[in-house]
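Student: So that we are looking at the same thing, I have put the structure below in structure tokens.
The values are calculated or read from the model by the stated rules, or taken from the named source; none is laboratory data. Fair warning: this is a prediction, and the values are worked out from it, not measured in the lab. For neighbour counting, all protein chains shown are included, and Cβ atoms are generated from backbone atoms with ideal geometry for every residue, glycine included.
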Amino acid sequence: MALLVADSIGKSFGARRVLTSASLRAVRGEVRVLFGRNGIGKSTLMKIAVGIVQPDSGVVFYDDLPRLQARLATLARTGLFYLADEHLFSSAFTVRAQLEFLRRAYGGLSVDAAAERTGIAQVIGRRPFALSGGELRRAELAAVLVRRPRCLVADEPYRGISPRDAEELSAIFRELAKDGCAVVLSGHEVHTLLDVADHLTWCEAGTTLELGAPGTARRHERFRQEYLGARGA
């Protein structure tokens, strides 16, 4: 069952029409992946779904309720976590201190357990700028575990990290889905995302196509030729 739905979304920025009728669904127990070329509107669609950007048309549903003028703060209070393609942590505090903030606010997994699970126990006392890109991304996943969301929307979580870190992220995304979380990811790391996904959505020409399971998506001729072909999938 879909927990979060952005339905028939249209959005323009000035004279530029980015989305005409695009949709995004986050389904409990599934990892869904949003594919599309740079600049096609993936991040805009995600930001509309989580309440950061308001659409020109269409509607966002959360828990089967229409959320007119949805706001991230409101959706977050009901269990949504948005992991943006930018830094989550402040440079003013250690990672441990910021995870403790989340723990006190939301009461998910303990900070030490989350740090151990994500492999950051040895660096948790540092400030974010002292961490490598992979360590920082795993610290952000520790924040997700501490938060224990019902829905996770992550924009390009694999960008700039090593294959080993990517494997760890995929394992955590799968664990979250197994526990009932609705997970939506985007990115261009085709093989990694195909391996972790239960369902693929293709964003192109201002709209979206639901391609289904990875095996089915690979057999979609236009998707294979226009998107996968250039990436060797």
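Student: State which residue is nearest to Thr74 (Cα to Cα) when the search covers only segment 148-173 and only residues that are within 13 Å of the chain's Cα centre (by Cα) and among the charged types (D, E, K, R).
Tutor: Step one: list which residues in segment 148-173 are within 13 Å of the chain's Cα centre (by Cα), which gives 149-159, 169-170, 172-173.
From what's left, among the charged types (D, E, K, R): 150, 155-156, 159.
Details: Arg150: 14, Asp155: 20, Glu156: 23, Arg159: 28 Å.
Within segment 148-173, the match that is nearest to Thr74 (Cα to Cα) is Arg150.
Student: What strands (runs of 3 or more DSSP E) lie completely within segment 1-70 and have 1 or more residues being among the basic types (Lys, Arg) and modelled with pLDDT of 95 or more? Don't jump to the end; show me each part of the working.
Tutor: Values: elements: 2-13, 16-27, 31-35, 57-62.
By residue number, 2-13, 16-27, 31-35.
Student: If you go through segment 201-212 one residue at a time, do you hit one that is more than 27 Å from Arg16 (Cβ to Cβ) and in the same structural domain as Gly41 (by TED's automatic domain parsing)?
Tutor: The answer is yes, given that some residue of segment 201-212 is more than 27 Å from Arg16 (Cβ to Cβ) and in the same structural domain as Gly41 (by TED's automatic domain parsing).
Student: For segment 161-203, how many residues are over 16 Å from Arg25 (Cα atoms) and not small (Gly, Ala, Ser)?
Tutor: Of the residues in segment 161-203, 23 are over 16 Å from Arg25 (Cα atoms) and not small (Gly, Ala, Ser).
Student: Check Leu45, Leu80 and return the single one that is touching a Cys at 6+ places or on another chain (Cβ under 6 Å), closer than 28 Å to Leu193 by Cβ and in contact (Cβ under 8 Å) with a residue 60 or more places away in the chain.
Tutor: Working: Leu45 fails: touching a Cys at 6+ places or on another chain (Cβ under 6 Å).
Leu80 is the lone residue from the list that is touching a Cys at 6+ places or on another chain (Cβ under 6 Å), closer than 28 Å to Leu193 by Cβ and in contact (Cβ under 8 Å) with a residue 60 or more places away in the chain.
Student: Given Gly108, Gly125, Gly134, which one is in contact (Cβ under 8 Å) with a residue 12 or more places away in the chain, outside any loop (DSSP other than H, G, I, E, B) and not hydrophobic (A, V, I, L, M, F, W, C)? Working first, answer last.
Tutor: On the way: Gly108 fails: outside any loop (DSSP other than H, G, I, E, B); Gly125 fails: outside any loop (DSSP other than H, G, I, E, B).
Gly134 is the lone residue from the list that is in contact (Cβ under 8 Å) with a residue 12 or more places away in the chain, outside any loop (DSSP other than H, G, I, E, B) and not hydrophobic (A, V, I, L, M, F, W, C).
Student: Examine segment 143-163 for a residue that is in a helix (DSSP H, G or I), acidic (Asp, Glu) and farther than 14 Å from Ala197 by Cα, and state whether such a residue exists. Steps first, please.
Tutor: Restricting attention to segment 143-163, the residues satisfying the condition of being in a helix (DSSP H, G or I) are 143-147, 163.
After this cut, where a residue has to be acidic (Asp, Glu) as well, the list is none.
For segment 143-163, residues in a helix (DSSP H, G or I), acidic (Asp, Glu) and farther than 14 Å from Ala197 by Cα: absent.
Student: Within segment 58-78, work out how many residues are among the small types (Gly, Ala, Ser), surrounded by 14 or more Cβ atoms within 10 Å (Cβ to Cβ) and out of contact with any Asp or Glu (no Cβ under 9 Å at 6 or more places or on another chain). Before you say what the answer is, go through the steps one by one.
Tutor: Taking segment 58-78 as the starting set, the residues that turn out to be among the small types (Gly, Ala, Ser) are 58, 70, 73, 76.
Of the ones still in play, those that are also surrounded by 14 or more Cβ atoms within 10 Å (Cβ to Cβ) are 58, 70, 76.
Right, trim to out of contact with any Asp or Glu (no Cβ under 9 Å at 6 or more places or on another chain) and you get 70, 76.
Selection size over segment 58-78: 2.
Student: Every residue in segment 9-19 that is closer than 10 Å to Pro55 by Cα and surrounded by fewer than 17 Cβ atoms within 10 Å (Cβ to Cβ), please.
Tutor: If we filter segment 9-19 for residues that are closer than 10 Å to Pro55 by Cα, which is where we start, we get 9-12, 19.
Matches in segment 9-19: Ser12 only.
Student: I'm trying to understand the selection: among the residues of segment 191-233, which are in contact with a Phe, Trp or Tyr (Cβ under 8 Å, 6 or more places away or on another chain), within 27 Å of Pro149 (Cβ to Cβ) and part of a helix (DSSP H, G or I)?
Tutor: If the condition is that a residue be in contact with a Phe, Trp or Tyr (Cβ under 8 Å, 6 or more places away or on another chain), within 27 Å of Pro149 (Cβ to Cβ) and part of a helix (DSSP H, G or I), then Thr192, Leu193, Val196, Ala217 are the ones that fit.
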